[in-house]
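S.K.: To start, I am sharing the structure in question, which I have written as structure tokens.
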Amino acid sequence: MFHQTPLKTATVLLLAGLAVAYGLSTGFFGLELLTEVAILAILAIALDLVAGYGGMISLCHGALYGVGAYAFGSATVLLGWGAPAGLAMAVGGGALFAWAIGAVTARTHGIFFIMATLAFGQMAYAYLFESPVFGGNDGLPGVPRLDASALGLDLNDSLTFALTCLALALLAYAVSAALLRSGFGRTLVGIRANEARMRVLGLPVWRHKAAAFGVSGALAGLAGALAAQHTMYISPGLLHWTVSGELLIMVILGGLGTLVGAALGAGVLVFLKHEVSRFTDHWHLVVGLVLIAAVLAGGRGLYGQLEHLWERRRAARRAPPETPAPDEETTGHA
Amino acid sequence: MTADVSFWIVQALNALQLSMLFFLLSVGLTVIFGLLHFVNLAHGALYALGAFVGFTAATLAGSYWAAFAAAPIVVALVGVLLYWALIRRMRSAGPMNQVLVTFGLIFVFLDVFRIGWGDIALGFAEPELFSGRSELLGVVYPTYRLFIIGLGLAVLAALSLVLTRTQIGAIIRAGVDNDAMAACMGINVERVFFLVFCVGCALAGLAGAVAAPVLSVTTDMGTAILIPTLIVVVIGGLGSLKGAIAGSLLIGFVQTFGSVLAPQLAAILIYALLAGVLILKPAGLFPARG
């Protein structure tokens with residue numbers, strides 16, 4: 001179940017503070033990285049919402065991200081409706097596509113769910129790859145950024161854009177946290193814990209699963225619209241299943257089912273990739289080994305491990321020293 | 001073009017050849033799924049490893065048959081290493097962790113191939129015995145592709161004989177059906193798992209070596225074939241030989257005829273097929289467990 005613990009709040013504030021400090025002190029290239037991290041953090045939070053709390057391990061979040069980017073791109077470049085309409089279409093399109101996937105796949109579980117989401121994601125990828133309307137394999141260049149001069153912001157400035165993305169990532173976190181603390185969020189966790197029991201209690205399980213997937217899709221669509229504005233170019237590569245795979249890596253590196261961990265994982269993976277590529281071309285090897293090590297180490301992820309240690313220390317402090325909790329050691333290895 | 005009978009025959013043979021390649025890969029994957037409940041995304045990487053090892057063996061020995069012999073053995077040995085180092089520990093870790101660990105393996109293998117063999121597409125010649133073309137049903141068709149079809153059918157026949165007619169086959173089927181009960185009956189399920197995993201890896205390596213002369217050997221060949229293979233396995237139903245056959249034929253024919261008859265739709269067709277099967281029959285067409 002989701003709790004906005006003091007540790008979580010502190011981590012969110014620390015990460016946001018670090019990101020702002022990094023943004024203010026770095027140059028153009030650092031800002032590009034920071035923007036990428038902020039956008040992927042939104043996407044990772046969206047994935048953690050369904051994977052960590054709903055038990056729905058999705059391999060189609062790359063596709064939802066891409067659908068958002070293409071919705072924004074077609075609204076601005078192809079239809080000329082402007083960026084605000086593009087944003088709305090990206091969020092709405094992502095939500096709608098995700099809701100449909102969630103509704104159709106609600107009956108499948110485990111590996112079948114993973115494969116079903118993969119199938120829908122790859123369908124979207126294959127369609128956009130072939131479709132001449134959306135530029136096919138070449139993608140769509142010349143995507144404009146939102147004109148926010150009414151708010152006194154110039155989004156074509158790297159720093160402003162990076163900070164805007166960061167603010168939106170915080171907003172995505174706040175929305176997800178609020179949702180998980182609501183009755184709907186508790187129901188979602190209940191479905192993950194025991195779907196049969198929730199069904200027996202009279203809950204329309206599929207509707208909750210689809211709705212959760214829809215919300216996740218809306219966030220992913222937002223991330224896609226931001227990514228389209230960031231690089232000002234979109235291509236079918238955004239939708240490929242390996243993007244979804246890398247997202248899962250981020251979530252597991254940071255800590256599945258912690259929300260803030262997903263954002264942390266996005267930051268760690270982007271900077272790890274960047275740092276490793278300075279020394280060698282073979283960043284895949286390093287990331288692969290780090291991932292395997294992270295899962296073998298217990299799969300809690302960075303934030304999950306921190307939270308685990310924190311809880312253990314608090315439990316130890318609460319228990320009187322002469323009678324240590326007998327199962328403390330065993331739970332440590334569970 | 002489409003009115004010509006020979007067109008249909010050639011395309012059917014192409015489809016059959018692709019199906020057999022899928023079969024060699026998916027049969028190992030499906031039994032590993034069914035028996036070990038293990039999601040091995042690295043199966044495609046093992047197939048690519050088979051192709052690379054085959055390339056080296058064929059170049060060193062100057063003969064295709066060196067590749068044919070070396071690839072399954074080397075890949076099975078790598079499978080043994082993987083089993084002891086990773087797979088055994090990940091057995092009960094849930095699909096999420098298995099997907100992640102084997103996804104990590106894909107990354108590791110990708111760079112190992114790039115370090116070991118470079119980024120350039122490689123290839124080696126088919127055996128002289130099967131080079132050239134031969135006539136079949138009134139069409140001229142590359143002999144080597146007929147060899148692939150024959151090999152696939154031979155493996156299929158051997159596997160179905162072993163699975164249905166021998167004691168080890170009965171043990172494997174029992175393990176897929178209910179591993180706890182099989183263990184209670186005194187079967188060393190762990191050892192059966194290990195054996196099956198090695199055979200699955202060897203077949204993946206064999207598929208790589210067999211496919212190499214037809215398709216070129218590239219670092220991303222494993223990822224490219226992984227998704228269709230997974231689709232075959234899921235459509236067929238986890239753990240069943242019948243499912244692997246049906247899925248392979250279905251995907252092989254849909255993909256081949258899709259790309260000649262409706263090129264725009266071809267890429268979407270197999271995913272639509274998968275989605276349709278999962279919605280109508282969430283456990284696949286021929287699930288091993290009823």
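The values are calculated or read from the model by the stated rules, or taken from the named source; none is laboratory data. All figures in this text were calculated on a predicted structure; none of them were measured in a lab. Backbone-built Cβ (ideal geometry, glycine too); neighbour counts: all protein chains shown. Heavy atoms of the whole protein, side chains included, go into the accessibility calculation; ligands, DNA and RNA do not. Shrake-Rupley method; radii C 1.70, N 1.55, O 1.52, S 1.80 Å.
S.K.: Quote the convex hull volume per residue of the stretch B:20-219, based on C-alpha atoms, as a whole number of Å³.
M.R.: With only Cα atoms used, the stretch B:20-219 gives 127 Å³ per residue.
S.K.: Now for a separate question. Multiplying the sequence separation of B:Val5 and B:Thr166 by 0.36 nm and subtracting their Cα-Cα distance, what value in nm do you get?
M.R.: Fully extending the segment from B:Val5 to B:Thr166 adds 53.8 nm.
S.K.: A follow-up question, please. What area, in nm² and to one decimal, does the C-alpha convex hull of the stretch A:96-159 cast on average over all directions?
M.R.: Averaged projected hull area, Cα only: 7.5 nm².
S.K.: Give me the accessible area per residue for the stretch A:6-240, probe 1.4 Å, as a whole number in Å².
M.R.: 38
S.K.: Using a 1.4 Å probe on the protein chains only, how many percent of the accessible area of the stretch B:136-279 belongs to carbon and sulfur?
M.R.: 70
S.K.: Any idea what the dipole of the protein assembly as shown comes to, in debye rounded to 20, about its Cα centre with Lys/Arg Cβ at +1 and Asp/Glu Cβ at -1?
M.R.: Here the size comes out at about 1740 debye.
S.K.: Of all the C-alpha pairs in the stretch B:192-276, what % are more than 23 Å from each other?
M.R.: That tail contains 29 percent of the Cα-Cα pairs.
S.K.: Give me a comma-separated list of calculated 3J(HN,Hα) values for the stretch B:141-152, in order, Karplus coefficients 6.51, -1.76, 1.60 applied at θ = phi - 60°, integers in Hz, x for any Gly or Pro.
M.R.: Listing the rounded values in order: 9, x, 5, 4, 5, 5, 4, 4, 4, x, 4, x Hz.
S.K.: Quick one: which residues, 5+ away or cross-chain, put their amide H under 5 Å from the amide H of A:Tyr233? H built at 1.01 Å from N.
M.R.: The list, which skips near neighbours in sequence, is A:Val143.
S.K.: Grab the beta carbon distance between B:Val80 and B:Lys281, set R0 = 35 Å, and tell me the FRET efficiency rounded to 0.05.
M.R.: Between B:Val80 and B:Lys281 the formula returns 0.50.
S.K.: Can you tell me the length gained on complete extension of the stretch B:Val214 to B:Ala183, counting 0.36 nm per residue apart and subtracting the Cα distance?
M.R.: Here the segment from B:Val214 to B:Ala183 would lengthen by 6.9 nm.
S.K.: By the scheme Lys and Arg +1, Asp and Glu -1, what is the net charge of all other residues having a beta-carbon under 15 Å from that of A:Glu307?
M.R.: +3
S.K.: Whose amide H sits under 5 Å from the amide H of B:Ala125, counting only residues 5 or more places off or on another chain, with H placed in the peptide plane?
M.R.: The answer is none.
S.K.: Assigning unit charges at the beta carbon (Lys, Arg +1; Asp, Glu -1) and nothing else, what dipole magnitude in debye, to the nearest 20, does the stretch B:20-219 show about its Cα centre?
M.R.: Computed charge dipole of the stretch B:20-219: roughly 320 debye.
S.K.: Measure of size requested: the Rg and Dmax of the protein assembly as shown, with Cα atoms as the atom set and Å as the unit; please supply both.
M.R.: 25.5, 89
S.K.: Quick one: helix B:64-82 against the long Cα principal axis of chain B, what's the angle to the nearest 10°, folded into 0 to 90?
M.R.: That helix lies at roughly 30 degrees to the long axis.
S.K.: Please sort A:8-17, A:62-71 by packing, taking for each peptide the average over its residues of neighbouring beta carbons within 10 angstrom, highest first.
M.R.: With the highest mean Cβ count within 10 Å placed first, the list reads A:62-71, A:8-17.
S.K.: If you build the convex hull over the alpha carbons only and average its shadow over all orientations, what do you get for chain A? Give it in nm² to one decimal.
M.R.: Averaging across all directions leaves 19.1 nm² for the Cα convex hull.
S.K.: Now, a different point. What FRET efficiency do you get for B:Val260 and A:Ala21 if R0 is 45 Å and r is their Cβ-Cβ distance, rounded to the nearest 0.05?
M.R.: Calculated value: 0.20.
S.K.: Another question, if that's okay. Pairwise over distinct Cα atoms, reciprocal of the mean inverse distance: report the Kirkwood radius of the stretch A:12-99 in Å, one decimal place.
M.R.: It works out to 14.7 Å.
S.K.: Rounded to the nearest 20 Debye, what is the dipole magnitude of the stretch A:6-240 about its Cα centre when Lys and Arg each give +1 and Asp and Glu each give -1 at the C-beta?
M.R.: With only Lys, Arg, Asp and Glu charged at Cβ, the dipole is about 1160 debye.
S.K.: Next question. In Å and from the alpha-carbon atoms only, list the Rg and Dmax of the stretch A:101-221.
M.R.: Using the Cα atoms of the stretch A:101-221, the pair Rg, Dmax is 19.3, 54 Å.
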